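As structure tokens, the structure follows; a few thoughts come after it.
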Amino acid sequence: IVPNEVDGNYLYGFSLDDGIEKGIFKAFEYAFTKFTSLISQMAVIIGYLFTGKLSLSSLSGPIGIYNIVGESAQAGFINLVYLTAFISLNVGFMNLLPLPALDGGRLLFLIIEKIKGSKVDPKYENIVHTLGFLLLMALMIVVTFNDIMRLF
């Protein structure tokens, strides 16, 4: 709600500012805003996957990503650069999740060791990471299978 400068009445609605702001500080501000927005969206999607609001069939594996990259390349170079940055950010985010066989799983074990005050038995840690790896490979197979089915 914005007061009208002419007669003081209030106007309802919204407007888009199409002005382009230039400068190094504006670039960093935009990059930080975009980064936090994408990370929060990724967190929401992971939450939806765990709660069942989003199914595995909506994920894309290597084949789906290949198709998306092809479409993005046709849309222009800037779109391709944006998609490359998005994929890179997504891989980094996923790697830091506290899942066994990923770096986040290793960080989780380090936090447990710090709280516990002693090392976790390497045998137990290896079993957990092996099971996590097997589950990740099973997920990759399911997602790739879904990508292949979408082609037909």
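The figures follow:
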{"item": "Any hit, the stretch 110-126, residues being closer than 27 Å to Pro62 by Cα and among the charged types (D, E, K, R)", "result": "no"}
{"item": "Sole exception among (1) at pLDDT 90 or above; (2) outside any loop (DSSP other than H, G, I, E, B); (3) of a type outside the set (Lys, Arg) for Pro98, by number", "result": "(2)"}
{"item": "Verdict on Glu29 being among the acidic types (Asp, Glu), part of a helix (DSSP H, G or I) and either at pLDDT below 90 or open to solvent by 60 Å² or more (accessible area, probe 1.4 Å) (or both)", "result": "yes"}
{"item": "Residue that is nearest to Leu151 (Cα to Cα) [pool: residues in the stretch 61-80 that are among the small types (Gly, Ala, Ser) and open to solvent by 50 Å² or more (accessible area, probe 1.4 Å)]", "result": "Ala73"}
{"item": "Single condition Val128 does not satisfy, out of (1) surrounded by 11 or more Cβ atoms within 10 Å (Cβ to Cβ); (2) over 22 Å from the mean Cα position of the chain (by Cα); (3) not in a helix (DSSP H, G or I)", "result": "(3)"}
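The values are calculated or read from the model by the stated rules, or taken from the named source; none is laboratory data. Nothing here was measured: the structure is a model prediction, and the numbers come from that model. FYI the Cβ positions are ideal-geometry reconstructions off the backbone, even for glycines, and counts take in every protein chain you see. Heavy atoms of the whole protein, side chains included, go into the accessibility calculation; ligands, DNA and RNA do not. Shrake-Rupley method; radii C 1.70, N 1.55, O 1.52, S 1.80 Å.
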